[in-house]
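The values are calculated or read from the model by the stated rules, or taken from the named source; none is laboratory data. No experiment lies behind these values; they were computed from the predicted model shown. Note that each Cβ is placed from the backbone with ideal geometry, even for glycine, and that neighbours are counted across all protein chains shown. Accessible surface areas use protein heavy atoms only, side chains included; no ligands, DNA or RNA. Shrake-Rupley method; radii C 1.70, N 1.55, O 1.52, S 1.80 Å.
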Amino acid sequence: TISCGDAISHYIASPEFLFFVDTCFFALKDELQGRATSPGIGFFNRYLPEFRKSGKKVRVHTKFWKEIIKHRHLPDMQAAIDFIHENGDVFENFSTSYPDEENLNLDEILRRCTVESKGKTVILTGDHNLAETMLQEKNCEDILFAPKAGKLSKVMRWNDYAPARLKHQLEK
């Protein structure tokens, strides 16, 4: 299998892949608030040059903004807001018009966007449930998972993260 870094670089360079970001991609465990950088921001710091070079955008839904603004009192969420604003050339806001959208959470919106996508999607999340759900969607090429903290604290492909997490738990 190709390395995580090679896969990510391929997704960024290829026009057929769409990136969607979930709020929890930027999250930190409570005990690390204000003392650590989230894996999501670490990921973007590493790949910003590639995103800029390719012109690829990470799609940020309006529901993402509602969720993150609601939690802006947390240092990691405020850091995410600031980071996205400072790097606005890499992020693209979008909205949808589902009749039941007001009752949908961001996870369901991202799932629907993936199902309806004409290309392959790459989901950026830190949510185990969303990652598992997205594995079932044929248009979802990959899930890049941002663990909140611990031994596994760098963004990984979900298919690499899940076995590594299990191994880590068994070692405990």
By residue number, the members of segment 5-33 that are part of a helix (DSSP H, G or I), surrounded by 14 or more Cβ atoms within 10 Å (Cβ to Cβ) and aliphatic (A, V, I, L, M) are A7, I8, I12, L32
Failed condition for L48, given (1) closer than 26 Å to T133 by Cα; (2) in contact (Cβ under 8 Å) with a residue 24 or more places away in the chain; (3) open to solvent by less than 30 Å² (accessible area, probe 1.4 Å): (1)
Which of the residues spanning segment 34-45 are exposed (fewer than 14 other Cβ atoms within 10 Å of the Cβ) and at negative phi? R35, N45
